[in-house]
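Visitor: Pasting in a structure now, in structure tokens, and then I'll have a few things to ask.
Just so you know, all these numbers are worked out from the coordinates, no wet-lab data involved. The shown structure was predicted, so the numbers you read here are calculated from the model rather than taken from an experiment. As a convention, Cβ positions derive from the backbone with ideal geometry for all residues, glycine included, and neighbour counts pool all protein chains shown.
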Amino acid sequence: MSLLTIGTVAFDAIETPFGKTDKIVGGAAPYIALAASYFTNKINLVSVVGDDFPQNFINLLEKHGTNTEGLQIKKGEKSFFWSGKYHDDMNSRDTLATELNVLADFDPVIPKSYQDCKVLMLGNLTPTIQQTVIKRLERKPQLIVMDTMNFWMNIALDELLETLKLVDVLCINDSEARQLSGEYSLKKAANKILAMGPRYLIIKKGEHGALLFGEDQVFYAPALPLEEVFDPTGAGDTFAGGFSGYLAHSEIINFGAMKRAIIYGSALASFCVEKFGTEGIIGLSQEAIEARARQFTEMVTI
């Protein structure tokens, strides 16, 4: 069975203390699909781009096992574009430009061939679009994973809360968890958020790792200390792709499997930040991924 992911496919222009780029491919879906491809070759993508989007990158996604039948290409229109500049700490950034373009009236279409879906990975989009995708599937996937952000908490909280009732796993960062719950303690925040609907909650803490809550258990995965971090832009989406891709390939989905999925998601994210854009997660060897995952497990093994 397959992984279905929905998210933006876009252009980014990024500036960090280590350099800057012109327009490069970005958006949630490419990071998710590329990361997931190291665990499953049955990835189905739903998104929208303009006719300015490069065909060679679509070919690259297909080479990485992604079915792009659900990628709408709007003739005569431009792809979504985001530009940002990171501060010296690499944890905060300023948005310099956001151009919705084709995303402004995106209506997701789920091809018939996508209906056999084991895991649904909802990348960061409006809660309304995320709900639409869930409702357009003929049967509920075994697992629905959802990413969101504080922007939707600010302008579409009611829709977000309705969507939370439909998903199994919510993946957000620590500041978003505090905002959504109104609690500073992450344990209290997790209890409140789990009461909103999801069975599991992942709280990402950037350079301080990630927490998994669910089944009355808590798991902590550290972040790997890296010598160089060039671009954190797609790290969260890469994490989500590795996490959901591992579970799409897993025979059993439970707390134990999710612990392993978080380690692999974290390993893929650590490759991502070492280069700009998606470059760090293209063409990785399984040996390199396993070696990086072992580094994570060794940090938490006594």
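Visitor: Mind telling me which of Ala248, Ala240, Ala223 comes out most flexible in a GNM of the chain, alpha-carbon contacts under 10 Å?
Guide: Looking only at Ala248, Ala240, Ala223, the biggest GNM fluctuation is shown by Ala223.
Visitor: Take the chain, compute every pairwise Cα distance, and split them into 20 Å bins from 0; I just need the percent in each bin.
Guide: Taking all Cα pairs of the chain, the binned fractions are 36, 61, 3 percent.
Visitor: Same structure, new question: What's the percent breakdown of Cα-Cα distances in the stretch 1-83 across 5 Å bins, shortest bin first?
Guide: 3, 15, 25, 24, 15, 10, 5, 1, 0
Visitor: Once amide H atoms are built 1.01 Å from N in the peptide plane, which residues 5 or more positions from Ser250, or in another chain, come under 5 Å H to H?
Guide: none
Visitor: Rank by packing, highest mean first: peptides 3-9, 290-296, 145-151, with packing defined as the count of other Cβ atoms within 10 Å averaged across residues. List each step's numbers first, then the result.
Guide: Values: 3-9: 28.4, 290-296: 15.6, 145-151: 20.9.
Answer by packing, highest mean first, reads 3-9, 145-151, 290-296.
Visitor: For the stretch 180-225, what is the relative contact order in percent, using Cα pairs closer than 8 Å and at least 6 residues apart in sequence? Don't skip to the end; give the middle numbers.
Guide: Working: 55 pairs, mean separation 11.1, N = 46.
Reported as a whole number, the value is 24 percent.
Visitor: Do the sum for the chain: with -39,500 (n - 2.57) for every DSSP H run of n ≥ 4, divided by all residues, what is the mean residue ellipticity at 222 nm, to the nearest 500 deg cm²/dmol? Could you put the intermediate results ahead of the total?
Guide: Working: 10 runs with 107 residues, N = 302.
So the helix-based figure for the chain works out to -10500 deg cm²/dmol.
Visitor: At a threshold of 8 angstrom on Cα-Cα distance, excluding pairs fewer than six apart, so keeping six or more, what relative contact order does the chain reach in percent?
Guide: Details: 642 pairs, mean separation 54.2, N = 302.
RCO, the chain: 18 percent.
Visitor: Another question, then. Under 5 Å between amide hydrogens, which residues at least 5 positions from Val48 or on another chain qualify, with H placed 1.01 Å from N in the peptide plane?
Guide: Val9, Gln72
Visitor: Related question: Can you name the helices of the chain, as whole DSSP H runs, whose Cα span along the helix axis is 24 Å or more and whose Kyte-Doolittle mean is not below -1.0?
Guide: Working: long enough: 255-272 (25 Å, 0.99).
Helix filter hits for the chain: 255-272.
Visitor: Got a sec to turn the phi values of the stretch 90-95 into Karplus ³J(HN,Hα) couplings, 6.51 cos²θ - 1.76 cosθ + 1.60 with θ = phi - 60°, whole Hz, x for Gly and Pro?
Guide: The phi angles translate into 6, 9, 10, 8, 10, 7 Hz.
Visitor: Beyond a 24 Å Cα-Cα separation, which of these cross-linked pairs lie in this structure: Lys188/Lys259; Lys118/Lys259; Lys42/Lys85; Lys135/Lys259; Lys74/Lys112; Lys140/Lys187?
Guide: Numbers: Lys188/Lys259 21 Å; Lys118/Lys259 19 Å; Lys42/Lys85 35 Å; Lys135/Lys259 29 Å; Lys74/Lys112 20 Å; Lys140/Lys187 29 Å.
Over 24 Å apart, Cα to Cα: Lys42/Lys85; Lys135/Lys259; Lys140/Lys187.
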